Amino acid sequence: MNNKIIFATGNEGKMKEVRSILSDLGMEILSMKEAGIDVDIEENGTTFEENALIKANAIKAISNSIVLADDSGLEVDYLNREPGIYSARYMGENTPYTVKNSKILELLKDVTPENRTARFVCAIAAVLPNGKVFTTRGTVEGMIGYEISGENGFGYDPIFYLPEFGCTTAQLDMNKKNEVSHRGKALQAMKEILRKEEE
Ligand SMILES: O=c1[nH]c(=O)c2ncn([C@@H]3O[C@H](COP(=O)(O)OP(=O)(O)OP(=O)(O)O)[C@@H](O)[C@H]3O)c2[nH]1
Ligand SMILES: [Mg+2]
């Protein structure tokens with residue numbers, strides 16, 4: 001199989017995790033920027049899988065490599081699973097996460113621990129040079145904490161609390177986060193598919 005993967009994301013935080021998780025595939029992993037691609041993709045799907053496919057197909061249309069894409073987000077049960085697929089756009093794409101995270105903490109300020117459940121969801125899409133298309137999904141269950149804690153990760157990590165670790169995903173080092181995260185799980189499943197396709 002073609003030995004190069006273009007990962008169709010503009011999110012540097014995702015890209016760092018993806019690179020580490022896919023490092024044992026033995027393939028060259030290029031971000032869109034590294035592949036010299038600069039396009040704005042409209043994510044108008046209604047599910048994580050649809051949006052991941054929209055991103056992968058948009059780049060596949062202009063490249064002969066294997067293309068992978070990630071669509072992910074935070075589902076807060078008390079907020080009817082919002083922001084969900086709108087996580088990047090919640091309160092505006094350019095609003096700092098300190099503001100977005102403070103808003104979610106404020107909305108949940110009187111909510112009891114059992115009603116603070118939340119999860120990260122990640123769909124990975126792959127489009128291969130032979131036209132085959134695959135999607136995988138990973139989730140990690142946790143809860144919305146009571147304060148912003150931790151410097152690692154990106155986005156909502158500082159308020160996403162994992163009871164079994166007693167800390168937020170922003171307090172885990174990247175390797176530990178990747179072992180348990182939505183993205184880690186979805187990409188491990190995709191690696192299995194890609195390895196089988198290579199045989
Ligand atoms: O704290 C977090 N830790 C994570 O591990 C994580 N994964 C997803 N998210 C949130 O969900 C949006 C994805 O939206 P999204 O899939 O459209 O990505 P994006 O717009 O950032 O980049 P692109 O890949 O579309 O170019 C992101 O921006 C974040 O707000 C996360 N937050
Ligand atoms: Mg996006």
Against the globular-protein guess of 2.2 N^0.38 Å, express the Cα radius of gyration of segment 47-153 as a ratio, rounded to two decimals. 1.26
Flagged links, alpha-carbon separation over 22 Å, of LYS4/LYS60; LYS103/LYS176; LYS14/LYS176; LYS33/LYS100; LYS4/LYS55; LYS4/LYS196: LYS103/LYS176; LYS33/LYS100
What is the pair-distance distribution P(r) of the chain, computed from all Cα-Cα distances in 10 Å bins starting at 0, with each bin given as a whole percent? 9, 37, 34, 16, 4, 0
Gained length - LYS33 relative to MET91, 0.36 nm times residue gap less alpha-carbon distance: 18.3 nm
May I ask for the distance between the Cα centers of segment 1-50 and segment 165-184, given as a whole number of Å? 20 Å
To the nearest 0.05, what FRET efficiency results for GLU114 and CYS167 with a Förster distance of 22 Å applied to their C-beta separation? 0.70
Roughly speaking, what is the stretch gain from THR47 to ARG19, that is 0.36 nm per residue apart minus the C-alpha to C-alpha distance, in nm to one decimal? 7.6 nm
What distance in nm separates the two pseudo spin-label positions at LYS176 and ASN152, each 7 Å out from Cα along the beta-carbon direction? 0.6 nm
Antiparallel DSSP bridges in the chain: what percent, to the nearest 5? 80 percent
List the equivalent ellipsoid semi-axes of segment 106-199 in whole Å, largest first, each obtained as the square root of 5λ for an eigenvalue λ of the Cα gyration tensor. 32, 13, 10
Compute the convex hull volume of the Cα atoms of segment 156-199, divide it by the residue count, and report the result per residue in Å³ as a whole number. 69 Å³
Over the chain, the sum of -39500 (n - 2.57) across DSSP H runs of at least four, divided by residue number and rounded to 500 deg cm²/dmol, gives at 222 nm -9000 deg cm²/dmol
For segment 4-198, whose charge dipole is built from +1 on Lys and Arg Cβ atoms and -1 on Asp and Glu Cβ atoms, the candidate among LEU194, ALA125, PHE165 with its Cα farthest towards the positive end is LEU194
So, with +1 on the Cβ of K and R and -1 on the Cβ of D and E, and no other charges, what is the size of the charge dipole of the chain about its Cα centre, to the nearest 20 debye? 240 debye
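Here, each number is a calculation from the coordinates, and none is a lab measurement. Please read these numbers as outputs of a predicted model, since none were measured by experiment. FYI the Cβ positions are ideal-geometry reconstructions off the backbone, even for glycines, and counts take in every protein chain you see.
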